[in-house]
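In what follows, a structure is listed as structure tokens, so that the remarks can point back to it.
The values are calculated or read from the model by the stated rules, or taken from the named source; none is laboratory data. Everything numeric here is computed off the predicted structure, so don't read it as measured data. Reconstructed Cβ throughout: ideal geometry from the backbone, glycine too, with neighbour counts over all protein chains shown.
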Amino acid sequence: MPRHYTGVGGRAILRSPRASKTRDVSTYAIPTAATPAPLSSAQRLTDSHGRAITDLRVSVTDRCNYRCVYCRTGNDGAQYSELPLDDYLRLIRVFVSLGIEKVRLTGGEPLLRRDLTTLIREVAKLRTSHAPDGTPLKDGAGKMLDLAVTTNGHLLAAQAQSLREAGLTRVTVSMDAVDPDVFARITRVPGSYDRVLAGVRAAKAVGLGPVKVNCVLLRGFNDDQIVPFVHFARSEGVILRFIEFMPLEEDRIWSPDTVIGYDELKARISAVRPLVPLRGNAPGETAQRFTFDDGIGEIGIIAPVSRAFCGACSRVRLTSDGKIRTCLFSQMDHDLYSVVHRGGSDEDLAAYIRNVIEQKEARHHIGEPGFLKPSRSMVHIGG
Ligand code: SAM
């Protein structure tokens with residue numbers, strides 16, 4: 001498919017001719033200068049189902065240096081553009097003024113983005129705008145954001161120190177095997193396991209911890225890694241999260257049979273040692289957390305398919321090209337960046353965001369008759 005480069009904000013970006021279903025800002029009324037939306041308005045972002053939206057995931061690039069076989073076809077590269085980092089910063093600032101407390105930078109592969117530390121340094125200066133109960137706070141009275149990065153870890157060893165110095169608080173590394181050969185077969189990058197392991201260790205060494213390791217399980221593909229992974233997590237001192245495979249891949253390989261559901265997974269982990277449940281850290285937490293009877297290690301099970309947690313969803317996503325996605329399984333994007341393009345003010349952006357959040361879906365419909373795959377796959381949304 002032909003692609004071309006174009007300049008936005010003085011930077012060369014990759015632009016794709018592929019159209020994604022996007023709702024244009026012209027379908028919303030943008031307040032005029034005479035009727036600005038107050039930026040630190042009283043009510044924090046809340047959707048029409050009463051859920052407070054406090055968690056923002058921002059994809060800072062659509063590029064990825066891995067071609068994980070369950071995620072990508074391996075034939076396509078980046079499909080969507082990326083914005084200048086200043087634009088992400090502006091959008092994040094507006095989201096934070098509306099009640100976002102947790103910002104996760106992702107991609108694509110976020111560590112491919114040059115000057116990512118500059119963005120992190122600026123985001124780390126932001127403070128929450130609302131108290132945990134939703135009460136608006138005076139300027140400067142908020143606390144630091146929970147600022148994290150999700151990465152495949154390939155470039156982490158080299159960047160961990162500078163990410164930490166820039167103000168990053170923690171990192172989540174995606175690993176889908178602990179056997180180096182299986183790992184390389186999944187990522188399609190030779191030597192990737194050693195690179196990622198070095199990244200995990202470097203992150204721990206510089207204090208980007210506790211490091212979380214996320215593993216997506218597919219039946220008959222990497223589920224033989226469950227037990228070795230548990231031993232790995234206990235000996236490396238990382239928090240392990242097993243995640244159910246969702247129909248978000250570029251290809252069409254998902255079926256209900258590929259998913260290792262919550263009950264089966266828990267039983268298979270228990271084969272190592274008896275599991276002891278841990279209390280949740282926060283409302284809206286997606287993982288069911290456990291330790292073992294000897295108190296060593298923490299394992300989480302994230303089961304969006306067999307135990308959907310949509311009722312407690314607090315998330316919104318911003319794609320690399322500046323579109324809002326209200327659910328991983330949304331059928332359309334909302335073009336926030338078009339407000340920037342048209343010279344909109346921060347108040348215009350805030351009004352647009354509020355309007356979009358109102359439309360957040362109640363839940364996903366994975367596994368139900370008539371389920372439609374989302375309009376973008378995981379790598380192009382930002383996981
Ligand atoms: N490159 C970064 C990384 O590897 O973590 C960030 C982007 S990656 C798309 C984010 C996460 O999505 C990874 O943990 C990946 O395993 C997960 N993921 C990708 N496709 C998935 C799927 N179909 N179901 C569940 N998780 C998926």
Notebook entry, point to check: Cβ-Cβ below 7 Å, separation at least six or inter-chain, first residue in segment 166-182 and at pLDDT below 95, second of a type outside the set (Asp, Glu) and in a strand (DSSP E or B): which pairs?
Noted result: THR169/LEU147; THR169/ALA148
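Starting from residues that are among the small types (Gly, Ala, Ser), in a loop (DSSP other than H, G, I, E, B) and at pLDDT 95 or above, keep the ones in segment 185-214 and report whichever is farthest from the ligand (Cβ to nearest atom).
Looking only at segment 185-214, we keep the residues that are among the small types (Gly, Ala, Ser), and these are 191-192, 198-199, 202-203, 205, 207, 209.
Then keep just the ones that are in a loop (DSSP other than H, G, I, E, B); that gives 191, 207, 209.
Pick out the ones that are also at pLDDT 95 or above and you get 191, 207.
Numbers: GLY191: 16, GLY207: 20 Å.
Ranking the qualifying residues of segment 185-214, first place goes to GLY207.
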Item checked: Among residues of segment 246-274, those that are within 26 Å of HIS231 (Cβ to Cβ), more than 22 Å from the chain's Cα centre (by Cα) and among the small types (Gly, Ala, Ser), counted -> 3
Note to self: Which of the numbered conditions does SER174 fail, given that it passes all the others? Conditions: (1) among the small types (Gly, Ala, Ser); (2) farther than 20 Å from LEU91 by Cβ; (3) surrounded by fewer than 22 Cβ atoms within 10 Å (Cβ to Cβ).
What the structure shows: (3)
Check: With segment 215-311 as the region, which strands (runs of 3 or more DSSP E) entirely inside it contain at least 1 residues that are in contact with a helix residue (DSSP H, G or I) (Cβ under 8 Å, 6 or more places away or on another chain) and within 14 Å of the ligand (Cβ to nearest atom)?
Finding: 239-244, 298-302
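Does GLU347 fit the bill of being exposed (fewer than 14 other Cβ atoms within 10 Å of the Cβ), farther than 30 Å from THR187 by Cα, acidic (Asp, Glu) and away from the ligand (no atom under 16 Å from the Cβ)? If you could, list the steps in order and put the result at the bottom.
On the way: exposed (fewer than 14 other Cβ atoms within 10 Å of the Cβ): no; farther than 30 Å from THR187 by Cα: yes; acidic (Asp, Glu): yes; away from the ligand (no atom under 16 Å from the Cβ): yes.
Criteria not met by GLU347.
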Checklist line | Complete set of residues in segment 312-356 that are of a type in the set (Asp, Glu) and in a helix (DSSP H, G or I) | finding: ASP346, GLU347, ASP348
Check: Would a scan of segment 157-173 turn up a residue that is within 14 Å of the ligand (Cβ to nearest atom), closer than 27 Å to VAL259 by Cα, in a loop (DSSP other than H, G, I, E, B) and not polar (S, T, N, Q)?
Finding: no
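Residue under question is ARG67, and the condition is that it be within 16 Å of the ligand (Cβ to nearest atom) and at pLDDT 85 or above; does it hold?
Values: within 16 Å of the ligand (Cβ to nearest atom): yes; at pLDDT 85 or above: yes.
Answer is yes for this residue.
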Check: From the set of residues in segment 52-93 that are over 17 Å from the mean Cα position of the chain (by Cα) and under 18 Å from ASP146 (Cβ atoms), which is surrounded by the most Cβ atoms within 10 Å (Cβ to Cβ)?
Finding: ALA52
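Any residue in segment 314-326 that is surrounded by fewer than 18 Cβ atoms within 10 Å (Cβ to Cβ) and either within 16 Å of the ligand (Cβ to nearest atom) or among the β-branched types (Val, Ile, Thr) (or both)? Talk me through it step by step, then tell me what you get.
Step one: of segment 314-326, the residues surrounded by fewer than 18 Cβ atoms within 10 Å (Cβ to Cβ) are none.
Within segment 314-326, not a single residue is surrounded by fewer than 18 Cβ atoms within 10 Å (Cβ to Cβ) and either within 16 Å of the ligand (Cβ to nearest atom) or among the β-branched types (Val, Ile, Thr) (or both).
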Note to self: I'd like to know if segment 123-146 contains one or more residues that are crowded, with 17+ Cβ neighbours inside 10 Å and within 15 Å of the chain's Cα centre (by Cα).
What the structure shows: no
